[in-house]
Structure formats: structure tokens, C-alpha cells
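Here's the structure, in C-alpha cells; my notes come after.
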Amino acid sequence: MRELYQELILDHNKKPRNRRAMADATADADGFNPLCGDKIHVFVKVEGDRIADVSFDGIGCAISTASASLMTTSLKGKTLAEAREIFERFHAMVTGEPGAPVDEDALGKLAVFQGVCEFPVRVKCATLAWHTLKAAIERSGDAVTTE
Amino acid sequence: MHRTLARPAFDVETVRKDFPILAGHVWCKPLVYLDNAATSHKPRVVLDAIERFYKEHNSNIHRGVHWLSAAATKDYEGARDKVRDWIRAAAREEIVFTRGTTESINLVARSFLRPRLKPGDEVLVTEMEHHSNIVPWQLVCEEAGAKLSHVPIDDRGQLLFDEKLLTERTRLFAFVHVSNALGTVNPARELVRAARARGIPTLVDGAQAAPHTRIDVRDLGCDFYAFSGHKVFGPTGIGVLYGRKELLEGMPPYQGGGEMIKRVTFQKTTWNDLPYKFEAGTPDIAGAVGLGAALDYLGTLDWEAVRAHEAALLARATEALSTIKGLRIIGTAKSKASLVTFDMEGVHPHDIGQILDQEGVAVRTGHHCAQPVMDRFGVPATTRASFAFYNTLAEIDVLVAALTKVRELFA
């Protein structure tokens with residue numbers, strides 16, 4: 001079980017980074033996972049083509065909370081294009097075949113979520129914050145669900 | 001007494017041998033199946049009955065003149081008699097086969113309630129209903145401009161019933177016999193009596209009651225009773241609607257098609273007799289046969305012993321879980337079926353369910369299709385361990401040990 005609940009995930013679940021509302025956000029969006037009742041609100045401040053700040057608020061399971069927390073620490077300061085690429089890699093990892101090679105250099109700490117691919121039910125938890133951020137940036141403004 | 005084949009004593013280890021899946025393993029650990037409120041497992045006699053039907057009697061029912069069709073019809077109608085026997089209905093015409101509790105309730109909402117619902121009328125449910133006993137009524141209420149109201153519940157998860165909730169505008173009182181989310185056993189007879197005294201028809205959602213107790217619809221006095229085959233150790237895809245004959249007779253069909261007609265012309269169709277009027281199309285014949293076999297199986301159990309065993313499971317679980325730090329049991333009614341729903345401080349139910357699964361323990365996590373109950377207790381989701389008579393006290397110890405691991409991991 002430790003494979004899924006790595007120390008880093010447990011730590012970010014217990015002490016989520018950047019869990020706060022953002023008054024000067026340039027975009028924000030709601031995300032909802034009706035399966036487990038997880039609700040998240042993601043805030044982002046984009047300056048030029050760079051993510052100057054990103055934060056979240058809400059309640060969720062350890063996987064979704066830690067994923068949101070690590071997302072914020074991984075994307076702060078990245079360009080939108082870099083952020084998109086990281087999300088694509090992250091998404092490919094958690095939806096990939098168990099045992100498939102993971103580019104740990106490119107993913108950095110996010111590689112800690114590689115265990116998720118063995119539990120398809122949890123993919124929605126791991127990606128909720130990311131989908132919500134994407135929606136915020138795309139300025140859809142509409143709530144995103146994982147359904 | 002319905003049946004006289006009761007075994008001399010209830011021996012859980014002997015009973016477990018009747019259920020092939022219970023010998024299985026998950027993640028290399030013996031399966032501890034505590035998700036019986038979602039669906040129950042099937043004894044070998046049910047699996048055999050379904051296989052035998054397909055191997056030896058498979059055919060369409062009622063209209064065939066050939067031997068197989070007659071045999072299949074006998075099997076299917078035989079299953080109806082077994083259901084009537086099991087729930088002590090007055091007549092076989094009062095037993096309608098459906099796909100499950102949900103379809104049974106939708107049938108009553110559409111065919112019974114909708115035609116008699118007028119703007120300003122009311123339908124009464126309770127705060128502890130499963131969505132399947134809320135949404136069908138909501139749909140017809142919206143159409144008719146009627147209002148859906150509910151009986152509130154207290155902090156223990158018991159109904160705060162007040163006869164004043166039954167008004168002169170109430171056209172139906174629909175309530176759950178046993179709550180899937182809280183385990184509360186409602187005083188069904190008393191609730192029915194209060195409604196009847198005002199001439200208000202009643203529907204009892206028996207999905208969670210049927211696996212734990214003998215049902216006697218005439219003793220309850222209800223107008224409709226609904227339950228599912230798969231929760232009473234039968235197959236999925238088959239369920240039952242019991243309805244009092246006078247009411248069923250006055251109701252228009254639910255679906256149109258074959259079997260439910262007497263004569264069809266392009267000008268007019270004459271409906272078939274009960275219960276066929278409500279069974280359009282080829283039904284789940286093998287499912288009905290499997291359900292019949294499940295009820296036969298249940299008939300061999302000593303139900304006093306089953307009740308005592310399940311009470312012991314509930315007592316052990318309640319006591320042991322209460323000792324786990326930060327664990328709060330949700331649903332502490334005086335009269336409870338054998339299930340425990342809980343919340344664990346600082347741990348999301350999804351994480352609990354995941355870690356328990358790795359220990360071979362299957363529980364349910366989420367809102368249990370009872371979001372109003374979750375709202376009432378201020379939680380987005382909970383974890384539920386629900387027991388059947390084939391569960392053992394040792395399995396509850398496995399559950400407790402696994403929850404202790406959760407506590408350690410999320411310390």
C-alpha cells in the first residue's frame with residue numbers, strides 16, 4: 001500500500017502547500033468529483049505567459065489533496081506551455097500501463113504518483129486539480145467534473 | 001411458518017461453504033466481503049438453478065406451444081409463487097417482476113401516482129431515503145406541480161415522524177424500511193397505519209430490509225412493497241413490486257409491448273390481466289428462476305438464528321470501531337440492521353476504502369446514493385461496512401485491524 005501512499009503524498013495531504021484563496025487571481029475555477037464528493041477551487045495568477053502564482057482550496061482524499069498541493073509547487077513560475085507539457089506527462093503517467101517507464105527527471109516530485117495507474121478508480125482523484133486548473137486558464141469559468 | 005426445512009442450528013462456517021466466492025482471495029488476502037448492502041453474494045444453488053434453466057428449459061414463456069416453452073413458463077411462474085409465499089402476499093397477481101427496486105418505484109410513480117397527482121398535492125418521503133426513493137417522485141411532482149416533502153431525522157438517524165406531516169394533500173407516503181446509509185430499521189407497521197388512517201397509500205422500499213428479515217406485506221399493511229433480487233442472494237436484473245390487487249387493477253400499464261396486452265388493433269388495445277399488464281416484453285426469466293432459488297435457500301435458514309448472528313456481528317463491530325481514535329459512527333438508531341457507517345477524522349473515506357481493499361476487506365465509500373443523509377450529518381462521504389449472515393466475527397476483527405493500519409498511516 002505504501003506504493004500508492006508514499007511519504008511525500010502523505011506529507012502533502014497532511015500539510016498541503018498553497019492551500020489558500022487568492023485575492024488577485026487572474027482566473028479560477030471549481031472542480032467536482034461526484035463519485036467521492038471531492039470539491040476543489042483552483043486559483044491562478046498568470047503574468048504574460050507565466051504562472052506567477054497558483055493555489056487551491058477545498059476538500060478531498062489524500063490523493064487529490066496531495067496532487068493539488070504538488071501541482072501548485074511544480075507549476076509556479078512555469079510558462080503556460082511548460083505547464084501544459086507537465087500536465088500531459090503527468091496524465092500519461094497516471095493513466096498509463098503499470099510498470100511503464102516514467103521520466104522521473106521531467107516529472108520531478110510528481111513521479112510519486114506513478115502508483116496511481118494501478119488503481120484506475122483513483123485517476124480522477126489524482127487529476128481533478130489539474131483539470132480544474134486547465135479550465136481556469138482556458139477561462140471557461142464553468143465548473144469542471146471528472147465525469 | 002412458511003417452511004419447515006429449518007436447519008437444526010445456524011453454523012456460519014457451514015453456510016459460508018454454500019457461497020463459492022467467499023473462499024476467494026483479493027491481493028493475496030482472504031476476501032472479507034463487507035459490502036452486502038450494495039449487493040450480496042449468491043449461493044451455489046442459485047448459480048446452479050440459472051445454469052440448469054439455460055441448459056435444460058431455456059425458451060420464451062407464455063405463448064409457446066412447445067414443451068420447452070411450457071417448462072420455462074412453469075419455472076417463471078413458479079418463481080412468482082415463491083415470491084408470493086416469501087412475502088406472504090394474498091395473491092400471485094400481486095407480484096410483478098421488475099428489474100429491481102428502482103424500477104418498481106418508478107412503476108408506481110408513473111402508473112399509480114402520476115395520474116392522480118394535481119398541482120398543490122404532496123408526496124411524503126423521509127430524509128434517509130436512497131436517491132431511488134426520491135428522484136422518481138421528484139420527477140412526477142415536477143410534472144404535476146406537486147410538492148415533495150420529507151420526514152426529518154434526529155442525530156441518531158431515527159425518524160422524527162409527526163402525523164401532521166400527513167396532510168389532506170398527501171397522495172402517497174413512500175419510506176425506506178431499512179436505511180442503506182444508516183442501518184436504521186423504521187417502524188414500518190406504525191407508519192403505514194398512520195397513513196392508512198388518513199386514507200393515504202404507502203410504498204415501502206424494502207431493498208435493505210429483505211436480506212435481513214422475513215417480510216410479511218399483509219402484516220405491514222402497505223399498498224406497495226419493493227425489493228431487489230440481487231440483495232437477497234439472487235441474481236442482478238430481477239426485482240419485485242408487490243402491490244395490492246385493487247390498486248394494481250386500476251393502474252394503467254407502465255410500458256407497452258408484448259405480453260402486457262390481450263388484444264391489439266390500431267384503434268384500441270386491451271390490457272392483459274394482472275400481473276402481466278406490467279410485464280411488457282420478454283422478462284428476465286433466468287433471473288426470476290435464480291431469485292426463486294435464492295428464496296428457497298433462505299427458507300432453509302433458521303431466521304431466529306440469523307437474526308441473533310447478525311445482531312452479534314453488529315454489536316462486535318459497533319464496540320470495536322468505537323475504540324478507534326477519531327472514528328465516529330453515523331447512524332446509532334435503537335433499532336438497526338447489521339451495518340456500520342462511519343467517519344474517521346483526518347482521513348477521507350476513499351483512502352480508507354483503498355487501504356482496506358489491500359487487506360482484502362471490501363467496504364463501500366462515498367455518499368451511498370443518499371446525499372440528503374450526508375448533508376444531514378455534515379459529511380461529503382462516509383465508509384460503510386455492511387454485513388450478511390455469512391459474515392463472521394473473525395472478519396470484523398480483520399476490519400478493525402485494517403482500520404488500525406489506516407490510523408497509523410494517517411497519523
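Which residue, of A:75, A:80, A:8, is surrounded by fewer than 17 Cβ atoms within 10 Å (Cβ to Cβ), within 16 Å of the chain's Cα centre (by Cα) and over 30 Å from residue B:407 (Cα atoms)?
On the way: A:75 fails: surrounded by fewer than 17 Cβ atoms within 10 Å (Cβ to Cβ); A:8 fails: over 30 Å from residue B:407 (Cα atoms).
Within the list A:75, A:80, A:8, the selection yields A:80.
Just for strands (runs of 3 or more DSSP E) wholly inside segment B:268-387: which have at least 1 residues that are surrounded by fewer than 17 Cβ atoms within 10 Å (Cβ to Cβ) and more than 14 Å from every other protein chain (Cβ to nearest Cβ)? Talk me through it step by step, then tell me what you get.
On the way: elements: B:269-271, B:327-330, B:339-344, B:364-366, B:382-386.
In segment B:268-387, the matching strands (runs of 3 or more DSSP E) lie at B:269-271, B:327-330.
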Output the residues belonging to segment B:115-151 that are surrounded by fewer than 19 Cβ atoms within 10 Å (Cβ to Cβ) and out of contact with any helix residue (DSSP H, G or I) (no Cβ under 8 Å at 6 or more places or on another chain). B:115, B:116, B:120, B:135, B:138, B:142, B:145
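Taking the residues in segment B:125-151 that are free of Cβ contacts under 8 Å to residues at least 60 places away in the same chain and not in a helix (DSSP H, G or I) as candidates, determine which candidate is farthest from residue B:335 (Cα to Cα).
Going residue by residue through segment B:125-151, those that are free of Cβ contacts under 8 Å to residues at least 60 places away in the same chain are B:125, B:135-149, B:151.
In the following step, the residues that additionally are not in a helix (DSSP H, G or I) were identified as B:125, B:145-149, B:151.
On the way: B:125: 20, B:145: 36, B:146: 33, B:147: 30, B:148: 27, B:149: 24, B:151: 18 Å.
Step by step, filter segment B:125-151, then rank; the result is B:145.
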Of all residues being closer than 15 Å to residue B:280 by Cβ and among the polar types (S, T, N, Q) in segment B:59-114, which is surrounded by the most Cβ atoms within 10 Å (Cβ to Cβ)? Just the residue, please. B:104
Which residue, of B:200, B:215, is β-branched (Val, Ile, Thr), assigned to a loop (DSSP other than H, G, I, E, B) and over 26 Å from residue B:313 (Cβ atoms)? B:200
Which one is nearest to residue A:123 (Cα to Cα), of the residues in segment A:1-36 that are touching a residue at least 12 places away in the same chain (Cβ under 8 Å) and among the small types (Gly, Ala, Ser)? A:31
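Just checking, which of B:276, B:242 is over 20 Å from residue B:72 (Cβ atoms) and aromatic (Phe, Trp, Tyr)? Don't jump to the end; show me each part of the working.
Values: B:276 fails: over 20 Å from residue B:72 (Cβ atoms).
Testing whether each residue is over 20 Å from residue B:72 (Cβ atoms) and aromatic (Phe, Trp, Tyr) leaves just B:242.
Computed from the coordinates by the stated procedures, all read-outs in this text should not be read as laboratory data. From a predicted model like this one, the values you see are computed outputs, not experimental measurements. Quick reminder, even Gly has a Cβ in these numbers, built from the backbone with ideal geometry, and neighbours come from all protein chains shown.
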